[in-house]
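Trainee: Following this message is one structure expressed as structure tokens.
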Amino acid sequence: MRRRTPPPPAPLPQRDGVDPVRVRLPHDGAWATVREHLVERLTGAGPGTVESMFAAGLIVGADGRAVAPDAPYRPGMFVWFHRELPAEVPVPFPVEVVYRDAHIVVADKPHFLATTPRGSHVTETALARLRRELDLPTLGAAHRLDRLTAGLVLFTVRPEERGAYQNLFRDRRVRKEYEAVAPYDPGLALPRTVRSRIVKERGVQAAREVEGEPNAETYVELVAHRGGSARYRLLPATGQTHQLRVHLNALGIPILGDPLYPEVTAPVPPDNFGRPLQLLARRLEFRDPVTGVEHAFASGRVLGTLAQSAP
């Protein structure tokens, strides 16, 4: 078995809080030059884009020097470059810092802001914003919230410690509490624990429940109701994609403002922030794996519906 070479540190600085793209050349292939491989690999960049980047010296090797257009292909070689950042509509809500020390940052993320760069959301993400605002280029995410979900997110300050905090979530050693506003059903017996098997297929927006061994578990409790709406307390024991949204939809009480459940609706304009998903990551509790401190954090955000009934 071929042992993977660990990547060297990036020779390019961050840009707007976003890391440069790193590409590792495959060990198998018949490309004569680095340029040939990148032209084939980066087809989404558009015709002539890769050639222009080489001509401008924008693609560099581990030493920070520009890679020549005719540089021979070397399996396992790393190259870096900055991608052209898409024009993004600013999300007009702040990322609040709930807690910060030498090891972690706990942020209260608003609705509509992605946690980390992905797809068309790059600079308008919680991670990129916090790197810029806190001047912490090494900041990394220990977990993620959906872009449409607001609430608490844990970030790490030191890259060498990130794995320890990520393992908290992998090993289910974090107590997470969510709040949701959804229709009120007087005939629904609550509290209850919902267990099912959820699958999320690549390229399909909505996840779905299927037959088989449960891989998702959520405790659902009614907190308050008024008219046809209610506020629910959700305690997920697992972290499947869209788990809370899928489980409440399966109970017949889809979360208000959800564009995917029960039906996928037409996309809203990117500058339309008027109908947020009524889902909030309310509390986060864990023992710090580095310092041993018992942490308990609470979001200061209030969901727009039934807000006055919050305790």
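The values are calculated or read from the model by the stated rules, or taken from the named source; none is laboratory data. What you are looking at is a predicted structure, and each value in this text was computed from that prediction instead of being measured. Quick reminder, even Gly has a Cβ in these numbers, built from the backbone with ideal geometry, and neighbours come from all protein chains shown. Accessible surface areas use protein heavy atoms only, side chains included; no ligands, DNA or RNA. Shrake-Rupley method; radii C 1.70, N 1.55, O 1.52, S 1.80 Å.
Trainee: Would you confirm whether any residue within the range 19-33 is surrounded by fewer than 16 Cβ atoms within 10 Å (Cβ to Cβ), within 29 Å of the chain's Cα centre (by Cα) and within 18 Å of P86 (Cβ to Cβ)? Walk me through how you get there before you give the answer.
Mentor: Here is the first cut: in the range 19-33, the residues surrounded by fewer than 16 Cβ atoms within 10 Å (Cβ to Cβ) are 21-22, 24, 26-30, 32.
Add one more test, that the residue is within 29 Å of the chain's Cα centre (by Cα), and what stays is 21-22, 24, 26.
Filter again for within 18 Å of P86 (Cβ to Cβ), leaving 21.
Within the range 19-33, one or more residues are surrounded by fewer than 16 Cβ atoms within 10 Å (Cβ to Cβ), within 29 Å of the chain's Cα centre (by Cα) and within 18 Å of P86 (Cβ to Cβ).
Trainee: Scan T193, T218 and give me the residue that is surrounded by 16 or more Cβ atoms within 10 Å (Cβ to Cβ), of a type in the set (S, T, Y) and part of a strand (DSSP E or B).
Mentor: Values: T193 fails: surrounded by 16 or more Cβ atoms within 10 Å (Cβ to Cβ).
Exactly one residue qualifies, and that residue is T218.
Trainee: Can you pull out the residues in the range 151-205 that are under 24 Å from L260 (Cα atoms) and either in contact with a helix residue (DSSP H, G or I) (Cβ under 8 Å, 6 or more places away or on another chain) or acidic (D, E) (or both)?
Mentor: Passing the criteria: V153, E177, Y178, E179, A180, A182, D185, V194, S196, I198, E201.
Trainee: Tell me which of these T49 doesn't satisfy, since it passes every other one: (1) open to solvent by 20 Å² or more (accessible area, probe 1.4 Å); (2) within 26 Å of V157 (Cβ to Cβ); (3) of a type in the set (S, T, N, Q).
Mentor: (2)
Trainee: When you go through V264, V210 one by one, which is the residue that is hydrophobic (A, V, I, L, M, F, W, C) and open to solvent by 70 Å² or more (accessible area, probe 1.4 Å)? Working first, answer last.
Mentor: Values: V210 fails: open to solvent by 70 Å² or more (accessible area, probe 1.4 Å).
The conditions single out V264.
Trainee: Here's a check for you: in the range 108-136, which residue that is hydroxyl-bearing (S, T, Y) and farther than 12 Å from F155 by Cα is surrounded by the most Cβ atoms within 10 Å (Cβ to Cβ)? So that I can check it myself, show each step before the final result.
Mentor: Restricting attention to the range 108-136, the residues satisfying the condition of being hydroxyl-bearing (S, T, Y) are 115-116, 120, 123, 125.
Remaining after also requiring farther than 12 Å from F155 by Cα: 120, 123, 125.
Numbers: S120: 12, T123: 18, T125: 24.
Among residues in the range 108-136 that are hydroxyl-bearing (S, T, Y) and farther than 12 Å from F155 by Cα, the one surrounded by the most Cβ atoms within 10 Å (Cβ to Cβ) is T125.
Trainee: Looking at the range 277-311 only, could you name the residues that are modelled with pLDDT under 95 and among the acidic types (D, E)?
Mentor: None - no residue of the range 277-311 is modelled with pLDDT under 95 and among the acidic types (D, E), so the list stays empty.
Trainee: If only one of P86, P92, P6 is part of a loop (DSSP other than H, G, I, E, B), loosely packed, with under 12 Cβ neighbours inside 10 Å, of a type outside the set (F, W, Y) and touching a Phe, Trp or Tyr at 6+ places or on another chain (Cβ under 7 Å), which one is it? Walk me through it before giving the result.
Mentor: Numbers: P86 fails: touching a Phe, Trp or Tyr at 6+ places or on another chain (Cβ under 7 Å); P6 fails: touching a Phe, Trp or Tyr at 6+ places or on another chain (Cβ under 7 Å).
P92 is the lone residue from the list that is part of a loop (DSSP other than H, G, I, E, B), loosely packed, with under 12 Cβ neighbours inside 10 Å, of a type outside the set (F, W, Y) and touching a Phe, Trp or Tyr at 6+ places or on another chain (Cβ under 7 Å).
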